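The values are calculated or read from the model by the stated rules, or taken from the named source; none is laboratory data. Predicted model, so just to flag it, every value in this text is computed and none were measured. We place every Cβ from the backbone using ideal geometry, glycine too, and count neighbours over all the protein chains shown. SASA here: full protein model, heavy atoms, side chains in, ligands and nucleic acids out. Shrake-Rupley method; radii C 1.70, N 1.55, O 1.52, S 1.80 Å.
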Amino acid sequence: MTDDAPRRLRVLAAMSGGVDSAVAAARAAEAGHDVTGVHLALSENPKSFRTGARGCCTIEDSHDARRAADVIGIPFYVWDLAERFREDVVDDFIAEYEAGRTPNPCLRCNEKIKFAALLDKALALGFDAVCTGHYATVVLREDGTRELHRASDMAKDQSYVLGVLDDRQLAHAMFPLGDTLTTKPEIREEAARRGLFVAKKPDSHDICFIADGDTQGFLAKRLGTAPGDIVDESGAVLGSHEGAYGFTIGQRKGLRIGHPASDGKPRYVLDISPVDNTVTVGPVDSLDVTALTAIRPRWCGRPPTAGAATYTAQLRAHGGETEVTAELVDGTELRVSFTEPVRGVAPGQAIVLYDGSRVVGSATIATTERRVRAGAQGLSAESRPTSGPTG
């Protein structure tokens with residue numbers, strides 16, 4: 001929140017046990033707000049210790065968050081949202097992969113947990129805002145509406161995973177780290193100056209609920225084996241797999257085809273079809289996406305104006321920007337054309353639109369159109385649609 005009125009807010013600080021959320025809580029308290037820390041218990045079977053765990057859901061993380069709250073001098077609680085997290089994030093993650101899509105659980109968590117379940121409970125208890133350690137900025141306009149902007153430091157910007165927040169959620173969001181040009185080493189130095197034990201704690205990474213980072217193994221335990229064929233663009237069988245869910249668009253390693261392509265060049269995953277349980281592979285040029293459609297749009301503040309307009313788009317949390325033309329059709333479908341082809345675009349991913357530093361909104365990719373290589377399947381070098389389920 002960036003209301004210029006110098007009033008004291010009741011702030012609920014989500015503390016993961018990491019350095020960013022601890023410093024964010026400390027800055028909110030230092031600014032004079034009435035801050036309460038809360039750690040979200042999201043795992044139904046959390047690991048007792050961090051060894052082998054790469055996320056932020058261990059018992060040790062909750063202890064780290066409590067110690068940080070004690071140093072800051074704020075009340076602290078642990079809230080059990082494991083069942084809600086399993087239903088809205090973990091089960092959704094599994095279902096999306098089973099359907100041949102590539103989900104982003106971090107966006108889903110922000111949308112359904114941190115700024116829905118947590119925010120709703122916070123507001124019911126009389127809090128004014130939820131504070132997190134995300135690197136992004138909320139700007140309050142003169143007309144009273146709010147905008148989400150990139151962090152001042154682009155190297156740490158996390159606005160992509162917040163692109164699902166609507167105006168109501170932005171009205172109660174506080175990101176104390178977003179509007180300062182502070183490097184991560186400086187954040188750690190600040191934590192050390194404040195006496196926070198987490199100053200040297202490694203960052204969490206990968207998917208928090210997959211402790212060992214083995215996504216394919218995680219899915220296999222829940223979905224079982226489902227043998228199928230790996231084929232080329234002509235439909236010729238090149239090999240087999242034990243589950244199409246174990247592949248992602250653009251994947252190069254782990255294909256286990258067994259023999260090289262005729263041109264000697266690497267092959268990449270081009271398409272995943274849960275209908276016939278096949279994985280299609282081909283040359284890197286066949287990954288070139290020229291356009292896409294996306295569904296379930298969510299706008300960060302005011303929606304875009306009617307008609308086609310030019311934006312920049314981000315397709316991955318740590319990806320760069322690319323210029324696009326986008327138009328909302330019937331209020332439900334976003335049609336996007338790329339100025340230059342992009343690669344590694346998969347149904348299920350989020351596309352986030354930007355107008356300068358402002359986050360316009362996000363939508364879930366449903367289908368893509370690729371530029372076909374001259375001679376592939378006897379077609380000319382034009383676009384062909386490749387579809388992912390839109391469930």
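Tabulated data for the structure shown
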read-out	value
Number of the exception - residue 303 against (1) within 26 Å of the chain's Cα centre (by Cα); (2) under 14 Å from residue 347 (Cβ atoms); (3) not in a strand (DSSP E or B)	(2)
Of residues in segment 22-43 being open to solvent by less than 10 Å² (accessible area, probe 1.4 Å) and assigned to a helix (DSSP H, G or I), the one nearest to residue 191 (Cα to Cα)	23
Residue match in segment 115-128 (condition: open to solvent by 20 Å² or more (accessible area, probe 1.4 Å), within 14 Å of the chain's Cα centre (by Cα) and within 24 Å of residue 303 (Cβ to Cβ))	no
Failed condition for residue 293, given (1) touching a residue at least 24 places away in the same chain (Cβ under 8 Å); (2) open to solvent by 40 Å² or more (accessible area, probe 1.4 Å); (3) under 26 Å from the mean Cα position of the chain (by Cα)	(2)
Matching residues, segment 156-172, being under 16 Å from the mean Cα position of the chain (by Cα) and not in a loop (DSSP other than H, G, I, E, B)	156, 159, 160, 161, 162
Of the criteria (1) in a helix (DSSP H, G or I); (2) open to solvent by 20 Å² or more (accessible area, probe 1.4 Å); (3) touching a residue at least 24 places away in the same chain (Cβ under 8 Å); (4) not aromatic (Phe, Trp, Tyr), which one residue 185 fails	(3)
Residue check, residue 143 open to solvent by 10 Å² or more (accessible area, probe 1.4 Å), more than 20 Å from residue 11 (Cα to Cα) and over 16 Å from the mean Cα position of the chain (by Cα)	yes
First in segment 188-202 and under 11 Å from residue 23 (Cα atoms), second anywhere and among the hydroxyl-bearing types (Ser, Thr, Tyr), Cβ under 8 Å, 6 or more apart	190/182
